[in-house]
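Below is one structure, written out as structure tokens, with a few remarks after it.
The values are calculated or read from the model by the stated rules, or taken from the named source; none is laboratory data. None of the values given here were measured: they were computed from a predicted structure. Positions of Cβ are generated from backbone atoms using ideal geometry, with glycine treated the same way; all protein chains shown enter the neighbour counts.
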């Protein structure tokens, strides 16, 4: 007589959810934490392991977005001669003094990358190593300040332009232009939701098809891209390409940003100017002349929560370079003038001499 022994496998009991705040349901505790400014998060992570876990989770930032408590933060990349990789910083809004906080360095030391921000992530697109263009893309998750690999582009690019429209990243130029590549490779688009790259038909018109781009901006869901000579405009909704207005081409210099539909950059004599695409005219930003220097080189700009933020280089002592930052409230008055009011202006970091600002942009979290 044989006996058969049966073994019943039981599943381990589910892990109970971590209690955020004792005596409160987790959904109410999450609602409370989502309303606390992010500048307090480093201190909150010291309270408990559940706090540390939830403060870097997508759930918290989704809740912040639903509650309309998201904040805008400036991120800045610097090339420092004492390091091999691109060094990233975030502007930490302290209650007494604004300062740059260093982050985990980028995984590679690419030169001539394009940059774009979608949601809480910054995308570093292409670039070159030892003058060899790369198709690789990296993303900095600003919630946890960690780097992750992103699917590569279809072709290698350096000194390309990038613009975000409806959550998709359009990358234009930066590649070798030949007859076959004009319509198939000169531009492509990345959808972060599907993580797929697709080609963008660059049209049959004889428009600008140069390799290197030195500036780009998105105005009213139209991507403006500038090369050394002239530029083009692409509207994803209609898939239409056009040449930029001659007035815009003549006045665009340096890195630009868009605030309230006005494209801001600095001109050839170092003054901040704004281009109104509605009437195709440049206007000088008034009211900031006494508080800001002339930006002849080395300045970059970003729209941080509706404010114009300018970052620039200034010589410090013989061994240091100072990184300066100014936050400006800008508006168009009743007479059509662009007026600015400097809310604060100060040195936010010091780096070794020979360093340079690469790019800055804003992230909403």
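Once region 1-26 is narrowed to residues that are modelled with pLDDT of 85 or more and either within 23 Å of residue 119 (Cα to Cα) or touching a helix residue (DSSP H, G or I) at 6+ places or on another chain (Cβ under 6 Å) (or both), the residue that is surrounded by the fewest Cβ atoms within 10 Å (Cβ to Cβ) is 21.
A count restricted to region 140-174 and to residues that are over 18 Å from residue 210 (Cβ atoms), modelled with pLDDT under 95 and part of a loop (DSSP other than H, G, I, E, B) stands at 5.
Residues in region 258-275 include at least one that is surrounded by fewer than 17 Cβ atoms within 10 Å (Cβ to Cβ), within 30 Å of residue 345 (Cα to Cα) and within 20 Å of the chain's Cα centre (by Cα).
Of all residues in region 93-114, which are surrounded by fewer than 20 Cβ atoms within 10 Å (Cβ to Cβ) and part of a strand (DSSP E or B)? Across region 93-114, the qualifying residues are 93, 98, 99, 101, 102, 111.
Going by what's in this entry, would residue 279 be described as over 25 Å from residue 356 (Cα atoms) and exposed (fewer than 14 other Cβ atoms within 10 Å of the Cβ)?
Numbers: over 25 Å from residue 356 (Cα atoms): yes; exposed (fewer than 14 other Cβ atoms within 10 Å of the Cβ): yes.
So residue 279 passes the test.
Would you mind finding the one in 165, 124, 137 that is surrounded by fewer than 18 Cβ atoms within 10 Å (Cβ to Cβ) and either at positive phi or not assigned by TED's automatic domain parsing to the domain that holds residue 345 (or both)?
Values: 124 fails: surrounded by fewer than 18 Cβ atoms within 10 Å (Cβ to Cβ); 137 fails: surrounded by fewer than 18 Cβ atoms within 10 Å (Cβ to Cβ).
After ruling out the rest, the residue left standing is 165.
Among the residues of region 299-319, write down those that are over 16 Å from residue 259 (Cβ atoms) and exposed (fewer than 14 other Cβ atoms within 10 Å of the Cβ). Give the steps one after another, and end with the answer.
Of the residues in region 299-319, the ones over 16 Å from residue 259 (Cβ atoms) are 312-319.
Selection gives 314, 315, 317, 318, 319.
Just to verify a result, which residue in region 282-291, among those that are outside any strand (DSSP E or B) and touching a strand residue (DSSP E or B) at 6+ places or on another chain (Cβ under 6 Å), is surrounded by the most Cβ atoms within 10 Å (Cβ to Cβ)?
Filtering first and then ranking leaves 288.
As a summary of the residue check, residue 61 satisfies the conditions (1) farther than 27 Å from residue 324 by Cα; (2) at pLDDT 90 or above; (3) within 20 Å of the chain's Cα centre (by Cα) except for the one numbered (2). Within region 198-257, the set of residues being part of a helix (DSSP H, G or I) and either assigned by TED's automatic domain parsing to the domain that holds residue 269 or closer than 25 Å to residue 309 by Cα (or both) comprises 247, 248, 249, 250, 251.
Could you list all residues from region 325-349 that are surrounded by 18 or more Cβ atoms within 10 Å (Cβ to Cβ) and closer than 20 Å to residue 267 by Cβ?
Step one: list which residues in region 325-349 are surrounded by 18 or more Cβ atoms within 10 Å (Cβ to Cβ), which gives 325-328, 330, 338, 340, 348-349.
Across region 325-349, the qualifying residues are 326, 328, 330, 338, 340.
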